[in-house]
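The values are calculated or read from the model by the stated rules, or taken from the named source; none is laboratory data. Small disclaimer: the values here were computed from a predicted structure and weren't measured. Note that we place each Cβ from the backbone using ideal geometry, even for glycine, and neighbour counts take in every protein chain shown. Calculation scope for accessible area: heavy atoms of the full protein, side chains included, ligands and nucleic acids excluded. Shrake-Rupley method; radii C 1.70, N 1.55, O 1.52, S 1.80 Å.
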Amino acid sequence: KNSPSLAGYFLTDEPGPGAFPQLAAVTKYLHERDPQHPAIINLLPIYVDEKYIGMTYEKYLDQFCAVVKPAMLCYDHYALFQGQERDSYFANMETIRRHALANDIPMWFIFLCTPHGTYRDPSETDLRWQVNTGLAYGCKALLYFTYFTPTDAQSNFHNGILDAKGKRTPHFAMAQTINGELKKLGPVLMRLKSTAVYHTGTLPKGCTALPADAPVRMNTEGPFLIGLFQHDDGSRWAMIVNRDFHKTANASLRFQAGVHGVEELSPQTGALTAVTVSNQSAQFAMPPGSIRILKFGR
């Protein structure tokens with residue numbers, strides 16, 4: 001526990017509910033002896049066969065939280081196939097977010113970086129899309145699957161962040177850039193609490209359309225994700241993500257009457273800069289999968 005390189009204790013990956021009592025005991029044991037470092041357990045995704053876990057996914061999460069009393073709610077979901085995406089991606093985020101907030105624990109997300117099987121080789125846009133959608137849902141930890149590339153000829157794992165021999169792949173530079181930005185954003189993001197998540201355009205399964213009384217509205221059509229937050233200093237924030245993998249979106253945002261002093265958080269510097277607002281509206285050019293993080297007053 002005194003190692004400066006220790007982040008936490010990884011216990012298991014994708015457990016079934018039968019393992020929850022043992023995991024609860026080990027989690028409690030570790031917490032009593034080292035409360036500074038969490039026990040980490042990664043849960044199954046929403047597309048698991050309910051026959052495998054013997055219950056609904058909702059019940060699976062309920063039992064895990066009630067029995068294990070985890071330090072975080074961590075799950076994986078690999079959605080990027082060749083030419084298409086798994087349609088339960090956002091429904092899974094909705095469910096995990098809801099349970100994390102109900103249990104007052106952070107949400108962690110493991111996303112696809114290493115192609116295998118029928119999953120595609122993610123571009124930097126693909127990586128950013130996963131990272132940024134996770135941020136807009138309030139994730140406090142984002143983990144790449146995988147760092148070292150697994151050696152499994154049957155699954156054809158390849159092009160992880162490092163290959164099986166430890167050589168850097170193209171994903172190394174992509175992750176390095178993205179992580180550098182997250183390090184700048186982190187001091188603010190860790191102090192934000194998710195209050196709502198909405199979508200525009202074609203509504204993904206299990207999601208909620210942006211309501212007319214939202215503090216931030218979209219004047220333009222298109223597939224956007226809007227995450228709303230409150231900072232622990234009382235200020236309100238919004239994260240806007242272009243859900244399109246292929247097209248730059250010209251986003252026109254309309255702020256609720258009375259909203260003033262809109263600022264944007266820079267991923268390059270971590271500083272806030274003023275946003276030009278005219279007639280309660282602001283314009284942004286947003287590349288595919290990109291995010292804008294806005295503060296708009298108390």
Can you sort S88, S155 by 1.4 Å-probe accessible area, starting with the largest? S155, S88
How do D104, D126, D13, D163 rank by accessible surface area computed with a 1.4 Å probe, from largest to smallest? D104, D13, D163, D126
Run the accessible area of region 188-245 with a 1.4 Å probe and give the carbon-and-sulfur part as a rounded percent. 50
When only the heavy atoms of the protein chains count and the probe is 1.4 Å, how do Y147, Y137 rank by accessible area, highest first? Y147, Y137
Enter the accessible area of M55 (Å², nearest 10), with the probe set to 1.4 Å and all protein chains included. 40
Please work out the average accessible area per residue across the chain, using the 1.4 Å probe convention, and give it in Å². 49
Please give, to one decimal in nm, the separation of the simple spin-label points placed at A209 and S266, each 7 Å out from Cα toward the Cβ. 3.9
Hz values of 3J(HN,Hα) by residue in region 44-56 - Karplus curve (6.51, -1.76, 1.60), Gly and Pro given as x: 5, x, 5, 8, 4, 5, 4, 5, 5, 9, x, 6, 6
Give me the number: length gained by fully extending S235 to K165, i.e. 0.36 nm times residue separation minus the C-alpha to C-alpha distance, one decimal in nm. 20.5 nm
Classify the chain as rounded, prolate or oblate from the Cα gyration tensor: take a ≥ b ≥ c as the square roots of its eigenvalues, call it rounded if a/c is under 1.5, otherwise prolate when a/b beats b/c and oblate if not. prolate
A chain fully extended from A66 to A257 at 0.36 nm per residue, minus the present Cα-Cα distance, gains in nm 64.6 nm
Cα-Cα over 32 Å, subset of K28/K295; K1/K183; K1/K165; K51/K184; K69/K183: K28/K295; K51/K184
Which of A212, A249, A285 moves the most in a Gaussian network model of the chain with Cα springs under 10 Å? A212
Here region 185-194 yields Karplus 3J(HN,Hα) values (6.51, -1.76, 1.60; θ = phi - 60°; whole Hz; Gly and Pro given as x) of 7, x, x, 7, 4, 5, 9, 9, 10, 5
